[in-house]
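What follows draws every value from the coordinates through simple rules; no lab data is involved. Remember, predicted model here, so these are calculated numbers, not experimental data. Cβ placement follows ideal geometry from the backbone for every residue including glycine, while neighbour counts extend to all protein chains displayed.
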Amino acid sequence: MVTRSRANGPGCRWVLWVQGCSLRCPGCFNPQTHPVSGGRRVGVDGLFGQIAALGGDIEGVTITGGEPLEQCAGLLPLLQRIRRETPLSVLVFTGFTWEELQGRPASLPGLRPEILSYVDLLLAGRFTARPASSPGPPGLEHKSCHFLSSRYSAKDLTALAPAEAFIRLDGTILYSGLQPPRTA
Ligand code: SF4
């Protein structure tokens with residue numbers, strides 16, 4: 001996770017990468033997040049405590065991965081607490097398409113459709129390395145944008161930073177954002 005990101009949605013955001021994704025998009029930037037056996041186990045109370053401790057330093061939280069909507073059992077109670085106990089916005093990246101989510105949600109592994117009622121902005125659709133066929137904000141050309149509350153609109157996506165870099169205490173670099181450079 002990153003506590004203060006400026007390249008994962010509007011404003012300054014706390015960002016969580018969930019572990020596990022069954023979709024396997026060719027060219028995925030985060031293949032290390034595919035196995036459900038990886039990652040680090042953190043309880044909902046611990047995650048919420050981190051978010052709450054940031055107070056007014058952040059505008060919202062971003063959930064990415066991995067596939068967040070395959071982790072609804074843990075994610076739903078976290079988003080419920082965020083909605084009920086904070087003014088923070090919630091942005092979720094998913095590899096599922098909007099049509100899949102609307103069509104046969106019961107057939108999608110781990111999905112609980114009610115989770116979308118706690119999301120302000122959903123960026124949906126598989127990643128593809130092919131050139132984008134439709135115009136869109138840099139890094140979001142392959143996503144469809146769904147404004148599920150009045151919190152955001154398309155203009156909030158026009159000036160997003162494409163990427164950012166964090167230097168860890170051990171000297172390694174974490175790249176993050178909508179268009180991070182490929183490091184491997
Ligand atoms: S949905 Fe996201 S994490 Fe999963 S394979 Fe596609 S790009 Fe990678």
Shape call for the chain, from the Cα gyration tensor axes a ≥ b ≥ c (a/c under 1.5 means rounded, otherwise prolate when a/b beats b/c, else oblate), comes out rounded
Taking 0.36 nm per residue of separation between Ser117 and Arg40 and subtracting their Cα-Cα distance, the length gained on full extension comes to 25.0 nm
Selected from Arg168, Arg151, Arg112 as most flexible by GNM, with the chain as the system and alpha-carbon contacts under 10 Å
Arg168
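Evaluate the relative contact order of the chain (contact order divided by residue number), counting alpha-carbon pairs under 8 angstrom at least 6 apart; express in whole percent. Mind dumping the intermediate values first?
Numbers: 331 pairs, mean separation 39.4, N = 184.
Averaging sequence separation for qualifying contacts and normalising by length gives 21 percent for the chain.
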Counting Lys and Arg as +1 and Asp and Glu as -1 over every other residue whose Cβ sits under 15 Å from the Cβ of Ala165, the net charge comes to +2
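Pull out the extension gain between Ser107 and Thr3, defined as 0.36 nm times the separation in residues minus the alpha carbon to alpha carbon distance; nm, one decimal.
On the way: separation 104, 0.36 × 104 = 37.44 nm, distance 3.36 nm.
Stretched out fully, the Ser107 to Thr3 stretch lengthens by 34.1 nm.
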Which parts of the range 46-82 would a label at Thr172 reach, counting a residue when its backbone N lies under 17 Å from a point 7 Å out along Cα-to-Cβ?
66
Roughly how many whole Å is it from the C-alpha centroid of the range 26-63 to that of the range 93-119?
19 Å
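Which percent, to the nearest 5, of DSSP beta bridges fully inside the chain are antiparallel?
Details: 10 of 23 bridges.
The answer is about 45 percent antiparallel.
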FRET efficiency, 1/(1 + (r/R0)^6) with R0 25 Å, evaluated for Leu23 and Gln179 via beta carbons:
0.80
Separation of the Thr158 and Glu99 label points, Cα + 7 Å toward Cβ, nm:
2.9 nm
Along the range 81-88, what does the Karplus equation 6.51 cos²θ - 1.76 cosθ + 1.60 (θ = phi - 60°) give for ³J(HN,Hα), rounded to whole Hz, x for Gly and Pro?
5, 4, 5, 7, 10, 9, x, 6
Connecting C-alpha atoms closer than 10 Å in a GNM of the chain, tell me which of Ile58, Ile82, Ile173 has the biggest fluctuation.
Ile173
